[in-house]
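Visitor: Right, I'll just put the structure down here and ask away after.
The values are calculated or read from the model by the stated rules, or taken from the named source; none is laboratory data. As the structure is a prediction and not an experimental result, all values here were calculated from the model. For neighbour counting, all protein chains shown are included, and Cβ atoms are generated from backbone atoms with ideal geometry for every residue, glycine included.
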Amino acid sequence: MIYSMTGYGKSVLQLPTKKISIELKSLNSKSIDLSVRIPSIYKAKELDIRKRIAKTLTRGKVDFSIYVETTADDTSTQINQPVVKQYMQQLKAVADADDAELLKMAIRLPDALNTVREEINEDEWTQISSEIDKALNAISSYRLDEGKVLEQDFKDRITTIGNLLEDVIKIDPERVEAVRERLHKGVSELKEKYDENRFEQELVYYIEKYDITEEKVRLTNHLDYFITTINSEDSNGKKLGFIAQEIGREINTIGSKSNFAPMQQLVVQMKDELEKIKEQLLNAL
């Protein structure tokens, strides 16, 4: 099972005097890279929020936000009436203006308004906490859906590499014969006498040096292991990345040993499929 690191989740809580929106966005990253933007009233809960997100999402560049929109008369700013009245009395002594104009001037002066610091309401936070869980569930579902697309793409490309490997195995005898003929032709063109038995011994040694039997077996095993890992319960993009490196190592060795154009063409196609897998693995959890 594969989870993508790309995801989005949102939940909205409507309270009597405010609407609270919770958003989660994530992209790929080597580890958990978390950015939290919340109103100052909820700052005391930030550590708890971070722990919950890190535990659920594990990896990725994650942006978490809480937005608060006031929907009724609920303000933490109040008029400091004694100060404003005193300002108005003083202004009246120096300005020829009615009370409305004096009030406009007084309200702009220092300490005319008091901002009362809000205290967190635990009942309200309980509801917000529940909405955070909903947003986490939403982004996890999004990641799973994206992961299913990645998983199918990986399986298709691994199957393609496996089919290309079968083609390599089919033409391997032809490759060995082509190498044999090329060497015979090269020696014949020397127009020198040579020991046929010694030549055959050297030929066997040369062909054994370019034998790809072990690489074919190991590559088959790596392809099978890749699929087994995908089908496991845990999403492990890093492990798949390591397996992909081993697959690449065997493909490269086959290419370097092939000495045969048709086989090298198949190797190039396998490399192309593997590169696409590696690109997509950067986004696998």
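Visitor: From TYR87, TYR67, TYR142, which residue is at pLDDT below 85 and among the aromatic types (Phe, Trp, Tyr)?
Guide: On inspection, the qualifying residue turns out to be TYR87.
Visitor: Quick one: which residue in THR229, THR253 is in a helix (DSSP H, G or I), among the polar types (S, T, N, Q) and closer than 16 Å to THR159 by Cβ?
Guide: From the options THR229, THR253, the qualifying one is THR229.
Visitor: Here's a check for you: in the stretch 256-285, which residue that is in contact with a strand residue (DSSP E or B) (Cβ under 9 Å, 6 or more places away or on another chain) and closer than 18 Å to ARG157 by Cβ is surrounded by the most Cβ atoms within 10 Å (Cβ to Cβ)?
Guide: Ranking the qualifying residues of the stretch 256-285, first place goes to ALA284.
Visitor: Name the strands (runs of 3 or more DSSP E) wholly within the stretch 1-76 that hold at least 3 residues that are of a type in the set (Lys, Arg)?
Guide: 18-27
Visitor: Pairs, please: C-beta under 9 Å, at least 6 apart or cross-chain, first residue free of Cβ contacts under 8 Å to residues at least 60 places away in the same chain and in the stretch 2-16, second surrounded by fewer than 22 Cβ atoms within 10 Å (Cβ to Cβ) and not aromatic (Phe, Trp, Tyr)?
Guide: Once the first residue is free of Cβ contacts under 8 Å to residues at least 60 places away in the same chain and sits in the stretch 2-16, its partners that are surrounded by fewer than 22 Cβ atoms within 10 Å (Cβ to Cβ) and not aromatic (Phe, Trp, Tyr) give GLN14/ILE20; GLN14/THR71; PRO16/THR71; PRO16/ALA72; PRO16/ASP74.
Visitor: Check ASP172, ASP153 and return the single one that is at pLDDT 95 or above and either closer than 30 Å to MET1 by Cβ or crowded, with 17+ Cβ neighbours inside 10 Å (or both).
Guide: ASP153
Visitor: Report whether or not ARG182 is surrounded by 13 or more Cβ atoms within 10 Å (Cβ to Cβ), in the same structural domain as GLU208 (by TED's automatic domain parsing) and either farther than 30 Å from LEU203 by Cβ or not β-branched (Val, Ile, Thr) (or both).
Guide: It is false that ARG182 is surrounded by 13 or more Cβ atoms within 10 Å (Cβ to Cβ), in the same structural domain as GLU208 (by TED's automatic domain parsing) and either farther than 30 Å from LEU203 by Cβ or not β-branched (Val, Ile, Thr) (or both).
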